[in-house]
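Undergrad: My questions all concern the structure below.
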């Protein structure tokens with residue numbers, strides 16, 4: 001009896017070993033972004049059995065097979081032999097990527113086909129194929145959008161609007177504005193790390209119900225690259241004949257529950273002094289994703305930008321028609337230092353309820369010696385006046401959002417509150433400028449005269465709610481509302497005598 005039991009146990013052990021050897025596990029990822037693909041169909045070609053990849057791209061086949069077929073909507077399919085128990089399948093996006101997901105429409109991941117908003121997506125595939133050295137080379141691929149190149153990544157924006165510098169558009173990074181409300185700068189996309197962008201989402205038209213008053217004309221949301229599920233990296237070097245050089249890099253990996261991404265670029269341009277068109281930029285991004293479990297995740301992202309450019313300035317008509325594009329300026333500049341940190345805790349309570357809680361911090365300073373503030377001194381052709389200024393702010397903010405699905409009503413409710421406290425300061429000082437006989441402004445001296453000097457404390461609090469109702473197939477109705485309150489205290493450090501003197505000029 002004992003002999004038969006022992007033989008049976010050995011037989012079961014042998015069968016389990018064979019079964020374990022035939023069990024194949026793997027992961028399906030997007031070849032362009034190295035991100036997991038959920039819902040990819042994996043088929044055993046021998047036994048005609050299928051399975052579907054989970055939210056992390058993982059799949060298992062417990063069949064004795066030597067080849068599989070992997071497919072997903074919007075991707076080229078994969079057919080190949082299986083020669084090991086654990087594999088990684090990379091699917092390349094097809095020309096028409098039908099399964100794009102976006103987050104800009106309601107601050108949560110959803111399929112683009114389900115969003116009743118005029119929204120366009122620039123995918124990682126397009127970013128890689130374009131090999132753009134500036135963001136306008138990407139953004140201008142979207143119909144109805146025109147990002148004007150003002151030189152060395154300086155720009156202005158137009159989305160279904162005439163060209164201008166108005167604060168009609170909101171620039172976001174992972175759904176968080178990169179600047180505080182009330183401190184708009186049309187050049188703010190200088191503060192984006194282009195090398196670490198996974199995709200760009202552009203809302204054409206009002207998005208103020210979710211994001212606030214600065215999104216009345218549209219919003220551009222830059223999604224940061226997520227960590228790769230395996231060790232991956234890249235180094236790219238570019239150089240041009242006019243002195244432009246750039247190096248991009250990134251490295252990423254996931255170890256158990258922790259995913260890490262680090263990437264960025266350094267760019268510089270060196271031209272002759274008469275061009276006055278040099279610049280340099282360092283952009284770095286660090287991201288850490290920690291998955292406590294399948295339903296709880298903490299994402300922390302830090303960005304650092306250091307940028308300085310010469311301001312080339314304008315030309316008069318005579319020099320323009322003579323094709324003499326040398327600059328009249330030798331010292332004008334724009335410089336930016338920006339640090340942004342945000343940490344988001346995402347909790348999925350069940351299949352119908354989820355909550356996101358975000359804390360964020362910003363520290364940004366923009367300094368200028370602007371060419372457009374230079375004015376000649378009447379009666380003295382060798383002298384001019386101007387200013388140097390610095391606009392800086394810090395932000396401390398929080399945002400919490402909850403979403404709930406009502407399956408019986410075919411509806412979804414999204415609501416949230418946010419608070420953003422941003423102390424800011426602005427200082428402008430008077431400068432004296434020397435001008436030579438050729439009309440070139442070649443040097444300046446600072447003075448102790450202050451043109452503008454103030455501090456302001458901005459407190460923006462907001463609440464928003466949005467209901468999506470899908471009464472019948474192919475019909476979706478959205479109701480949205482938002483309440484904003486802006487409180488501020490203004491402290492003018494200029495004396496009353498100076499203010500009166502300036503007003504009399």
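Coordinate-derived values only; no laboratory data. Because the structure is predicted, anything quoted here is derived from the model rather than measured. Cβ sites come from the backbone with ideal geometry, for glycine too, and all protein chains shown count toward neighbours.
Undergrad: Give the shape of the stretch 426-478 as rounded, prolate or oblate, defined through the alpha-carbon gyration tensor: a ≥ b ≥ c are the square roots of its eigenvalues, a/c under 1.5 means rounded, and otherwise the shape is prolate if a/b is larger than b/c and oblate if not.
TA: Since a/c reaches 1.5 but b/c is at least a/b, the shape of the stretch 426-478 is classed as oblate.
Undergrad: Give, in nm to one decimal, the length gained when the segment between residue 394 and residue 260 is fully stretched (0.36 nm per residue of separation minus the Cα-Cα distance).
TA: 45.6 nm
Undergrad: On to the next question. Sort 349, 413 by Cβ crowding within 10 Å, fewest neighbours at the top.
TA: 349, 413
Undergrad: For helix 2-22, report the angle its Cα long axis makes with the longest principal axis of the Cα atoms of the chain; keep it between 0 and 90° and round to the nearest 10°.
TA: That helix lies at roughly 30 degrees to the long axis.
Undergrad: Using only helices, what value at 222 nm comes out for the chain when you add -39,500 (n - 2.57) per DSSP H run of length 4 or more and divide by the total residues, to the nearest 500 deg cm²/dmol?
TA: So the helix-based figure for the chain works out to -2500 deg cm²/dmol.
Undergrad: Need the C-alpha centroid separation for the stretch 215-263 versus the stretch 280-329, integer Å.
TA: 14
Undergrad: What Kirkwood hydrodynamic radius do you get for the chain when you take the inverse of the mean 1/r over all pairs of distinct Cα atoms, in Å?
TA: 26.3
Undergrad: List 78, 430, 393 from most exposed to least, where exposure is judged by having the fewest other Cβ atoms within 10 Å.
TA: Lowest count first: 430, 78, 393.
Undergrad: Let me ask something additional. Quick one: length gained pulling residue 237 to residue 481 fully straight, 0.36 nm per residue minus the C-alpha distance?
TA: Value of the extension gain: 83.1 nm.
Undergrad: To continue, here is another question. Determine, for 316, 484, the number of other Cβ atoms within 10 Å of each Cβ, and report the residues in order from fewest to most.
TA: Listed from fewest to most nearby Cβ atoms, that is 316, 484.
Undergrad: Let me ask another. Let me check against my output: what whole-number percent is the relative contact order of the stretch 261-504, with C-alpha pairs under 8 Å and at least 6 apart?
TA: 12
Undergrad: So how far apart, in nm, are the two label points at residue 247 and residue 71 if each is 7 Å from Cα heading toward Cβ?
TA: The answer from the label model is 4.6 nm.
Undergrad: Using label points projected 7 Å from each Cα along Cα→Cβ, tell me how many nm separate residue 60 and residue 437, to one decimal.
TA: Between residue 60 and residue 437, the simple spin-label model gives 8.7 nm.
Undergrad: Round to the nearest 0.05 the FRET efficiency obtained for residue 50 and residue 130 when R0 = 30 Å and r is the Cβ-Cβ distance.
TA: 0.25
Undergrad: Taking the stretch 261-504, how much of its Cα-Cα pair set, in percent, is spaced more than 32 angstrom apart?
TA: 48
Undergrad: Separate question: Return, ordered by residue number, the residues of the stretch 417-442 whose backbone nitrogen is under 13 Å from a label point located 7 Å along Cα→Cβ of residue 318.
TA: 437-440
Undergrad: Using Cα pairs closer than 8 Å and at least 6 residues apart in sequence, work out the relative contact order for the chain, in percent.
TA: This gives 7 percent for the chain.
Undergrad: What's the Cα-based Rg to Rh of the stretch 101-221, Rh via Kirkwood?
TA: 0.92
Undergrad: Tell me the Rg and the Dmax, in Å, that the Cα atoms of the stretch 203-278 produce.
TA: Over the stretch 203-278's Cα set, Rg and Dmax evaluate to 19.3, 55 Å.
Undergrad: May I pose another question? Could you work out how far apart the two model spin labels at residue 492 and residue 230 are, taking each label as a point 7 Å from the Cα in the direction of the beta carbon, and quote it in nm?
TA: 6.5
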